[in-house]
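A short write-up of the structure that comes next.
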Amino acid sequence: MDSGKAVEEFSLDELRAGNRDEYARLVETYYEMIYNLVFRMLNDPQDAEDILQETFLKAYRHLKGFDGRSSLSTWLYRIATNEALMFLRRRRMETVSIDESKETETGEQEPLQIIDWCCLPEEELVSAEAQAHLDEAVTRLSPNLRVVFVLRDIQGLSTREVGEVLNLTETAVKTRLSRARLQLREDLTGYFGGRLGEGRRG
Amino acid sequence: MEHKDCKHLLGSLSDYLDGELEGDLCAELERHLSECDNCRIVVDSLNKTITLYHTTAQHVDVPEGVHQRLFRRLDLECFEKESNIG
């Protein structure tokens, strides 16, 4: 799943029997991958660490029920994305009164801004400030769009793999990815379009 | 977004940029793009958005201590518990 970096050679029997060494080997192989996923989902190192721990605790407790139909990495991704989504929903419920963000996931797209910012110099597009804005823009996506975008465009999974992790059809993955990308384009157009204006005024 | 086609084609742009749009629809979209400056800008900026995330989304280094705390918690809540029972 992750570019063949992690070759899956684990003994399922040993894992299911609770063999500490075999489980430690599994954790060693995948903890960086899982940390990267949940960090991108949550954009906070402490939250990412908590969800990383919950993922491997839960995986250990549920190994007996792992049927091997999907790969171990897909299964771990599934647990991690569920944990991260539950975390985001809990937080959203706590802050719903002050965070009345518009739900665009199933509704119409926002109006399109037509500004050609592609001509900005490369150093402006990849500056540290721009990078921070890119990261924040991802956190403004609704959780269901964010998880698809992170898995597909940041973690580099295929459409089929994202579907396996989230139990969605490939069509549903593509639809959510399209909405996420268009929403990010709007967000970046607002940001980079503003930079374009500053440059012209300067 | 002046033409009636623009909104209708918006949902196809993501697939188009991934090279996954079917023949007829792809041809229809390209024909539209050749005559609609606004949609051309939307496609270019959408493409740039995706490219920026692909090129700047670097691997995040796991902060120091995360590995150690992860294994400490696994030892406490999984392995030691199991061995106590056993």
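Bear in mind that the values in this text are calculations on the coordinates, not laboratory data. Being a predicted model, the structure only gives us computed values, none of them experimental. Cβ: placed from backbone, ideal geometry, glycine included. Neighbour counts: every protein chain shown.
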### Total residues in region A:25-50, condition under 17 Å from residue A:131 (Cβ atoms) and touching an Asp or Glu at 6+ places or on another chain (Cβ under 7 Å)
1
### Query
Got a number for residues in region A:163-202 being over 15 Å from residue B:11 (Cα atoms) and of a type in the set (Val, Ile, Thr)?
3
### Query
Which ranges mark the helices (runs of 4 or more DSSP H) fully within region B:13-86 that have 3 or more residues being under 21 Å from the mean Cα position of the chain (by Cα) and of a type outside the set (Val, Ile, Thr)?
B:13-17, B:37-56
#### Entry: Filter pass, residue A:173 being under 19 Å from residue A:38 (Cβ atoms), within 13 Å of chain B (Cβ to nearest Cβ), among the hydrophobic types (A, V, I, L, M, F, W, C) and in a helix (DSSP H, G or I)
no
### Summary
The residue that is nearest to the chain's Cα centre (by Cα), considering only those in region A:24-81 that are of a type in the set (Ser, Thr, Tyr) and more than 12 Å from chain B (Cβ to nearest Cβ), is A:81
### Message
Against the definition (in a helix (DSSP H, G or I), among the basic types (Lys, Arg) and closer than 21 Å to residue A:150 by Cα), how does residue A:25 come out, yes or no?
### Response
no
### Message
Regarding region B:36-56, can at least one residue be identified that is over 29 Å from residue A:135 (Cβ atoms), of a type in the set (D, E, K, R) and more than 11 Å from chain A (Cβ to nearest Cβ)?
### Response
no
### Query
Taking the stated definitions as given, is residue B:59 within 7 Å of another protein chain (Cβ to nearest Cβ) and more than 21 Å from residue A:116 (Cβ to Cβ)?
yes
